[in-house]
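Take a look at the structure set out below.
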Amino acid sequence: MLSAKRSTAFFFKILLVIGFGYFFWLMLKITLEYIPFNPEVSFLMIKQTEVTERPEYLPFFYTHVYTTIFVLLSGFLALLRKDFGFKNFHRNIGKIYIFLILICAAPSGVYMGLFANGGILSKISFVILGFLWWFSTLKAYQLARQKKFKEHKQWMWRSFAFTLSAITLRMWKVIIVYLFHPNPMDVYQIIAWLGWIPNILIIEYLITKKHL
C-alpha cells in the first residue's frame, strides 16, 4: 500500500515537471520575441500610446518580462526543495526568486497594471495581484529568516500561485477565446481576475485541507 502511494506521488511529480517544462518553454518563446529590444512587436503593438508618451514604460515593461521568466524557473526549483547535488542550492535559488520579485518583477508589474488593457476592472486586478505577489514573497522571506520553515513553505506556495498567473491567464485567454469569441477588451477583464484568483484558492485549499 505504501509502495503504491509512493509510486502515485512520484508519477504526479513527473507530470508536474513535464507540465511546467512545457508551459515554461511557451513563456520563454514569448520572452524571446522581445530580444533584441523592439517596441513594435507582439503585445507592444497595442501599447504604442504608452510606448510613445511615457518614456519610463519600456524600461518597466522589459524589466517585468525579462525577470518573470527567471522568477518562474527559480520559484519552481525552490519549491521542489532539492539541492541537486549543489551545496545550499535550495536556499540560494530561493534567494534569487525572492530578490527578483521584491526588487524587479512585482514593482514593475504594479506599474504595468496601471496601464492594463480592459479598463478600470483590469487595472484594479493587476495592481492587486502585484501587491499580493510582493507581500506574499516578503512574508515568505521574513519567515525563513525567523526559521519558521513550515509557514515559510506555505507563503512560498502562495507567492508561486501568483507567479503562475503569468501562465494561467494565458491559458484562460486561449480557452475563453476558443469557446466564446468575446470582445477583446472583455477578454482582458475576465482573464485579469481569472488568471490568479483560482490559483490562490487552490493553494489555500491545499494548505488548509492537505496541510501543504
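The values are calculated or read from the model by the stated rules, or taken from the named source; none is laboratory data. Owing to the predicted nature of the structure, the values given are computational and were not obtained by experimental measurement. Backbone-built Cβ (ideal geometry, glycine too); neighbour counts: all protein chains shown. Please note that ligands, DNA and RNA were not included when accessible areas were found on the heavy atoms of the full protein model with its side chains. Shrake-Rupley method; radii C 1.70, N 1.55, O 1.52, S 1.80 Å.
Data overview
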{"read-out": "Qualifying position, being outside any helix (DSSP H, G or I), aromatic (Phe, Trp, Tyr), more than 17 Å from Leu164 (Cβ to Cβ) and under 20 Å from the mean Cα position of the chain (by Cα), among Tyr62, Tyr66, Tyr34", "value": "Tyr34"}
{"read-out": "Pro39, sole failed condition from (1) of a type outside the set (Phe, Trp, Tyr); (2) in a helix (DSSP H, G or I); (3) open to solvent by 30 Å² or more (accessible area, probe 1.4 Å); (4) in contact with a helix residue (DSSP H, G or I) (Cβ under 9 Å, 6 or more places away or on another chain)", "value": "(2)"}
{"read-out": "Residues of segment 154-210 classified as among the hydroxyl-bearing types (Ser, Thr, Tyr), open to solvent by less than 20 Å² (accessible area, probe 1.4 Å) and more than 13 Å from the chain's Cα centre (by Cα), total", "value": "0"}
{"read-out": "Test set (1) open to solvent by 70 Å² or more (accessible area, probe 1.4 Å); (2) touching a residue at least 40 places away in the same chain (Cβ under 8 Å) - Leu72 fails condition number", "value": "(1)"}
{"read-out": "Which numbered condition Phe115 misses (of (1) assigned to a helix (DSSP H, G or I); (2) more than 14 Å from the chain's Cα centre (by Cα); (3) under 24 Å from Trp193 (Cα atoms))", "value": "(1)"}
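Each row is one residue, and each column tells you yes or no for (1) open to solvent by less than 30 Å² (accessible area, probe 1.4 Å); (2) of a type outside the set (A, V, I, L, M, F, W, C).
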{"residue": "Ile46", "(1), (2)": "no, no"}
{"residue": "Glu53", "(1), (2)": "no, yes"}
{"residue": "Glu56", "(1), (2)": "no, yes"}
{"residue": "Val65", "(1), (2)": "yes, no"}
{"residue": "Ala78", "(1), (2)": "yes, no"}
{"residue": "Gly113", "(1), (2)": "yes, yes"}
{"residue": "Phe131", "(1), (2)": "no, no"}
{"residue": "Gln142", "(1), (2)": "no, yes"}
{"residue": "Glu151", "(1), (2)": "no, yes"}
